[in-house]
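Q: Provided herewith is a single structure, encoded as structure tokens, for subsequent inquiry.
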Amino acid sequence: MVELVPTLLRQELERLAAENQRIDGRGQWDSRDVSLEVDCLYNAEGSAKVVWGDTIIYAGVKFEIRTPWPDRPTQGSLMCGAELRPVAHRKYEPGPPSPESIELGRVVDRGIRESGCIDMEKLCIVPGEKVWGVMIDIHVLSDGGNIFDAAGLAAIAALRTAVVPAERFDVGEDHRLLVNGSPIMASFTRAGGRFVYDPSEEEELGGDERIHITLGDEGHLHSLQKGLRGVFTPSEFAEILAVAEQKCTKLREMVAEKEGN
Amino acid sequence: MGGYGDVKLLRDDGKRLDGRTVDEMRPVSIEAGVLPAADGSAMVTHGLNVAVAAVYGPMEAHPRKIQRQDRAVIDVRYNMAPFSTGDRIRPGFNRRSREISKVTAEALESVVLVERYPRSKIRVEIEILAAEAGTRCVGITAAAVALADAGIPMRDMIVGVASGKIEDTVVLDLDKAEDNYGQADLPVGILPNTGEIAFLQMDGDLSIEEFNLAMEYNFKAASEIHELMVDALKRRYERGDN
């Protein structure tokens, strides 16, 4: 899509930033409303729906039995993929996976994988012969900005409520997937010259670089990604990291609460 | 059709395994205007099926060779989410989804007043999030509500419904087991006000009498679903947000 808006939008974002305001009336570190629903789709072994402002994302977990890699005979595998399908926005077109969708899938994948919340050894069924492959698919239905955080939240919530379909594959009894911890992502975009948390569609369109931070339960960093054109200073990063800690803690509580139901 | 004759699909009391009578459809619920990014959208839950449709446009038709000088083209993509079925589906178009997309587009072009928008394109995206038999019909219903939600003029709504045959008995709205082990499936797209048919497929084995009965069931179901579609659109406009 040709981006017609940015020049005017950029000026407006700069004007607002000078007055410490945002285009939708939020404060610099305010989030839009977030709602999370789990176990909402038949056929997915784990599923979650996240409505985050105007962004709507589903994540679904499926399992398959596969042969382990020869050098890791007792380890299962995890794969997280994302699709930015044309359903989600006027700007998305059909075709092979775009660099944007590959980045989204990989950033969410790294946060989950590197947090170690899935013990690959626990996915082993018969060493050297059979292991579980866990696949998380992120399906973006409406892109209203900040799809990264919504995708990360949907993915971990779907994973944490997933049931391993062992009976269907004739390898024991169905059981909850073991997930130790909830890595959560927090994303920031530079809009009007300063960083804001949870960028809206307009802030993304008229903004500069974005930074995605995934934090684990202990507050440790598990994945970082800087995207798009722009530079930032260490002190700017320290500031948004402190915001990310608070935001991630709250979202982690939301996941825990949904799981309990 | 799977066509295994030895699977029991009707109970001794004449009802189906899930307790429905032969001419009873699964519960349906419809919501219009569910996707903020789209010009029009709808979500249809039909039994355990979940379909979401988004409409974008009318917009400039790209690439130019698809343009029609006298009307709009409707570009439909029917897609099953990777987690929508028992075994994960590899993302991307396959032969089945290509065919369904094509005939669905042709059905929608039969009801949308495409001549109002020469040289343009209307994009209809159908995403199946959960599949339990009959997804193409649920997708058509969702697409129709999404088109209406987008304010695109149509000569009528179109409702996707299916009947079929299990254990030599014609039944309305096959579920998963009935679809897998049944003897016939007859999905149609019905214009509820004019009584015309804009979408038709069939596979399996039906006598003329069975076909007529299946069609009768389909028309009955179409008028029931049509009421829900109208109701969803009314609720949408009472709600009032763009």
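Q: Of a type in the set (Gly, Ala, Ser), out of contact with any Asp or Glu (no Cβ under 6 Å at 6 or more places or on another chain) and within 8 Å of another protein chain (Cβ to nearest Cβ), is that true of A:Ala44?
A: Working: of a type in the set (Gly, Ala, Ser): yes; out of contact with any Asp or Glu (no Cβ under 6 Å at 6 or more places or on another chain): yes; within 8 Å of another protein chain (Cβ to nearest Cβ): yes.
Spelling it out, A:Ala44 is indeed of a type in the set (Gly, Ala, Ser), out of contact with any Asp or Glu (no Cβ under 6 Å at 6 or more places or on another chain) and within 8 Å of another protein chain (Cβ to nearest Cβ).
Q: If you don't mind, another one. Could you tell me whether any residue of segment B:28-45 is more than 21 Å from A:Val51 (Cβ to Cβ) and part of a loop (DSSP other than H, G, I, E, B)?
A: no
Q: Tell me, please, whether a residue that is of a type in the set (A, V, I, L, M, F, W, C) and closer than 21 Å to B:Ile126 by Cα can be found in segment A:64-85.
A: Within segment A:64-85, one or more residues are of a type in the set (A, V, I, L, M, F, W, C) and closer than 21 Å to B:Ile126 by Cα.
Q: Is it true that some residue in segment A:112-130 is in a loop (DSSP other than H, G, I, E, B), within 14 Å of chain B (Cβ to nearest Cβ) and surrounded by 19 or more Cβ atoms within 10 Å (Cβ to Cβ)?
A: no
Q: A further question follows. With the condition being buried (at least 19 other Cβ atoms within 10 Å of the Cβ) and among the basic types (Lys, Arg), I'd like the strands (runs of 3 or more DSSP E) fully within segment A:1-101 carrying at least 1 qualifying residues.
A: On the way: elements: A:34-38, A:46-52, A:55-66, A:77-83.
Result: A:46-52, A:55-66.
Q: To continue, here is another question. Go through segment B:64-87 and give me each residue that's open to solvent by 70 Å² or more (accessible area, probe 1.4 Å) and more than 11 Å from chain A (Cβ to nearest Cβ). Steps first, please.
A: First, pick out the residues of segment B:64-87 that are open to solvent by 70 Å² or more (accessible area, probe 1.4 Å): B:64-65, B:68-70, B:87.
Passing the criteria: B:Arg64, B:Lys65, B:Arg68, B:Gln69, B:Asp70.
Q: Another question about this same structure. Somewhere in segment A:186-204, is a residue part of a helix (DSSP H, G or I) and either crowded, with 23+ Cβ neighbours inside 10 Å or not charged (D, E, K, R) (or both)?
A: yes
Q: Go through the residues of segment B:40-48 one by one and say whether even a single one is more than 11 Å from chain A (Cβ to nearest Cβ), open to solvent by 10 Å² or more (accessible area, probe 1.4 Å), in contact (Cβ under 8 Å) with a residue 40 or more places away in the chain and not hydroxyl-bearing (Ser, Thr, Tyr). Give the derivation first.
A: The first filter runs over segment B:40-48 and keeps only residues more than 11 Å from chain A (Cβ to nearest Cβ), leaving B:40, B:42, B:44, B:46.
Pick out the ones that are also open to solvent by 10 Å² or more (accessible area, probe 1.4 Å) and you get B:46.
Next, only the ones that are in contact (Cβ under 8 Å) with a residue 40 or more places away in the chain stay: B:46.
So of that shortlist, the ones also not hydroxyl-bearing (Ser, Thr, Tyr) come out as B:46.
Looking through segment B:40-48, at least one residue is more than 11 Å from chain A (Cβ to nearest Cβ), open to solvent by 10 Å² or more (accessible area, probe 1.4 Å), in contact (Cβ under 8 Å) with a residue 40 or more places away in the chain and not hydroxyl-bearing (Ser, Thr, Tyr).
Q: Looking at segment A:141-166, which of the residues that are hydrophobic (A, V, I, L, M, F, W, C) and under 17 Å from A:Arg210 (Cβ atoms) is nearest to the other protein chains (Cβ to nearest Cβ)?
A: Restricting to residues being hydrophobic (A, V, I, L, M, F, W, C) and under 17 Å from A:Arg210 (Cβ atoms), the top hit is A:Ile147.
Q: Out of A:Gly230, A:Gly207, I need the residue that is of a type outside the set (Lys, Arg), crowded, with 17+ Cβ neighbours inside 10 Å and outside any helix (DSSP H, G or I). Which one?
A: A:Gly207
Q: While we're on this one: Does segment A:68-78 contain at least one residue that is more than 10 Å from chain B (Cβ to nearest Cβ), more than 18 Å from B:Met80 (Cβ to Cβ) and within 12 Å of the chain's Cα centre (by Cα)?
A: Of all residues in segment A:68-78, those more than 10 Å from chain B (Cβ to nearest Cβ) come to A:68-78.
If we keep only those that are more than 18 Å from B:Met80 (Cβ to Cβ) as well, we get A:68-78.
Checking which are within 12 Å of the chain's Cα centre (by Cα) leaves us with none.
Checked against the condition, which is being more than 10 Å from chain B (Cβ to nearest Cβ), more than 18 Å from B:Met80 (Cβ to Cβ) and within 12 Å of the chain's Cα centre (by Cα), segment A:68-78 yields no hits at all.
The values are calculated or read from the model by the stated rules, or taken from the named source; none is laboratory data. As the structure is a prediction and not an experimental result, all values here were calculated from the model. As a convention, Cβ positions derive from the backbone with ideal geometry for all residues, glycine included, and neighbour counts pool all protein chains shown. In case anyone asks, the SASA skips ligands and DNA or RNA and just uses the protein heavy atoms, side chains included. Shrake-Rupley method; radii C 1.70, N 1.55, O 1.52, S 1.80 Å.
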